[in-house]
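Remarks on the structure that follows.
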Amino acid sequence: MTYQGVKNFSHAQADKIGVLITNLGTPDEPTTPALRRYLKEFLSDPRVVEVPRPIWWFILNGVILNIRPKRSAAAYREVWTDEGSPLLTHTQAQTQALRAAIQKEYGDRVVVEFAMRYGNPSIASVLEKLQAAGVRQLIVLPLYPQYSGATSASTFDAISADFRKRRWLPDLHFISHYPDFGPYIHAVAEKIRAFQSEKGIPDKLIFSYHGIPKRYLLQGDPYHCECYKTSRLIAEYLGLTKDQYLTTFQSRFGREEWLKPYTDETLKALPSQGVKSIQVVCPGFSADCLETIEEIGQENREYFMESGGEKYDYIPALNADSDHISMMHALIEPQLSHWLSQPERNASATQAYANALGADQ
């Protein structure tokens, strides 16, 4: 194997610390071809779909990629903006705000960027950008509060696959989850509180998380437990009793059983149980996207209202709210402070040694 270096590398380049925030990803545009490319990359990940590869290859390429891209493209067109997909624009805003906060405190020794696990900007392209900028110590923050092999671990897979090709690896600090991190619980709870101060208190508050197959839980994935822990901590922060909130799981795919209770089925059943007004919040989504805007904000609203509900509200994700940016800053601060407290490498001396050995730069 040939290990890649940095074009026009210089030993005299000053070392920097990188902060990379990541999210799931988005198609480049709301068209069938773009969705086919995106879904193929996403659904080909063995962390996402744990089915034997030969069997899944035929299902994915013979069935799913011939049907789902057109449907998904239509859904994306419903939420697309002039700036692009909501997930992309919110992640860009988060990055800009976090960069401004960190560089205000530490200057340009810290480089802040974002990447998407699937689609663009890709993890590999942004890691190349960071290395070219002189990043020798890297904090990676996947914006998945609750750990799952399908999200956090998949992100680590992409990073490690890229690192296996690189000559010079940075020190790495990988934040795999933060379901009970105090500033995160505070940010979500205060978002709910502010929303309810305007819209009132519903009969029931629904915490809806993205689902995963039940099989993953039985094989040891902690996601289910971490979702329930987050819900409990937010409810305790808000002073809710157990009958004032529910935890549910959305976005199931395929025929096998996923984590229950299902969000859609729950919302269809609640009106017959006397629950006429609800508010839905999605603590596992750090930014609004197709699954929150279209699936929760529109599709599930129709289920509830058509079943006899009277009032339905979706509470937006944290997006680039100041509390969310402060939470991210607090999450990376211990490692960032540790690295910043260490003496900087003498780049000039390193270059001198390299020149003595015949380096061009």
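Throughout, read-outs are computed from the coordinates displayed, never taken from laboratory work. Nothing here was measured: the structure is a model prediction, and the numbers come from that model. FYI the Cβ positions are ideal-geometry reconstructions off the backbone, even for glycines, and counts take in every protein chain you see.
Based on Cβ point charges of +1 for Lys and Arg and -1 for Asp and Glu, what charge dipole magnitude is obtained for segment 182-315 about its Cα centre, in debye rounded to the nearest 20? Mind dumping the intermediate values first?
Working: 16 positive and 20 negative charges, 82 e Å.
About 400 debye.
Taking every pair of alpha-carbon atoms in segment 196-274, give the share separated by more than 20 Å as a whole percent.
So the portion of pairs separated by more than 20 Å is 39 percent.
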Item checked: Pairs from K204/K229; K40/K129; K70/K191; K40/K276; K229/K268 whose Cα-Cα separation, in the structure shown, is over 29 Å -> K70/K191; K40/K276
Next item on the list: Restrict the search to segment 201-284; then list the GluC sites (Glu not before Pro) that DSSP places in a loop and that have at most 12 other Cβ atoms within 10 Å of their Cβ.
Entry: E256, E257
Next item on the list: Report the trypsin sites (Lys or Arg not before Pro) located in segment 110-188 that are in a DSSP loop and have at most 13 other Cβ atoms inside 10 Å of their Cβ, or state none.
Entry: R164, K165, R167
Next item on the list: Filter the trypsin sites (Lys or Arg not before Pro) in segment 236-334 to those in DSSP coil with at most 11 other Cβ atoms within 10 Å of their Cβ, and list the result.
Entry: R255
Next item on the list: Compute the distribution of all C-alpha to C-alpha distances in the chain, in bins of 20 Å from 0, and list the percent of pairs in each, rounded to whole numbers.
Entry: 26, 55, 17, 2, 0
Note to self: Quick check for you: which residues of segment 314-331 have the amide N under 17 Å from the point 7 Å beyond the Cα of E105 toward its beta carbon?
What the structure shows: 321-331
Check: So what are the ³J(HN,Hα) numbers for segment 54-60, from phi and the Karplus equation (6.51, -1.76, 1.60; θ = phi - 60°), rounded to whole Hz, Gly and Pro as x?
Finding: x, 5, 5, 4, 5, 5, 5
Next item on the list: Set Lys and Arg Cβ to +1 and Asp and Glu Cβ to -1, take the dipole of the chain about its Cα centre, and tell me which of A132, H224, A75 lies farthest positive.
Entry: A132
Check: Which angle from 0 to 90°, rounded to the nearest 10, does the C-alpha axis of helix 123-132 make with the longest principal axis of the chain?
Finding: 30 degrees
Checklist line | Helix 182-199 axis, angle to the chain major axis (alpha carbon atoms, nearest 10°) | finding: 40 degrees
Check: Which ³J(HN,Hα) values, rounded to whole Hz and listed in residue order, are derived for segment 242-250 from phi using the Karplus coefficients 6.51, -1.76 and 1.60 in 6.51 cos²θ - 1.76 cosθ + 1.60 with θ = phi - 60°, glycine and proline given as x?
Finding: 4, 8, 9, 8, 9, 10, 9, 10, 10
Notebook entry, point to check: How much length is gained on full extension from L340 to Q298, taking 0.36 nm per residue of separation minus their Cα-Cα distance?
Noted result: 10.5 nm
Next item on the list: Could you list which residues have their amide H under 5 Å from that of Y209, counting only those 5 or more apart in sequence or on another chain, with H placed in the peptide plane?
Entry: T248, F249, Q250
Margin query: Only counting other Cβ atoms within 10 Å, I'd like M328, M116, M305 sorted with the fewest neighbours first.
Written below: M305, M116, M328
Next item on the list: May I ask for the angle, rounded to the nearest 10°, between helix 322-340 and the longest principal axis of the chain, with both axes built from Cα atoms and the value confined to 0 to 90°?
Entry: 30 degrees
Note to self: Spelling out what I want: for every residue of segment 99-110, take phi, set θ = phi - 60°, compute 6.51 cos²θ - 1.76 cosθ + 1.60 (Karplus), and round to whole Hz; glycine and proline get x.
What the structure shows: 4, 4, 5, 6, 6, 4, 8, 10, x, 7, 5, 10
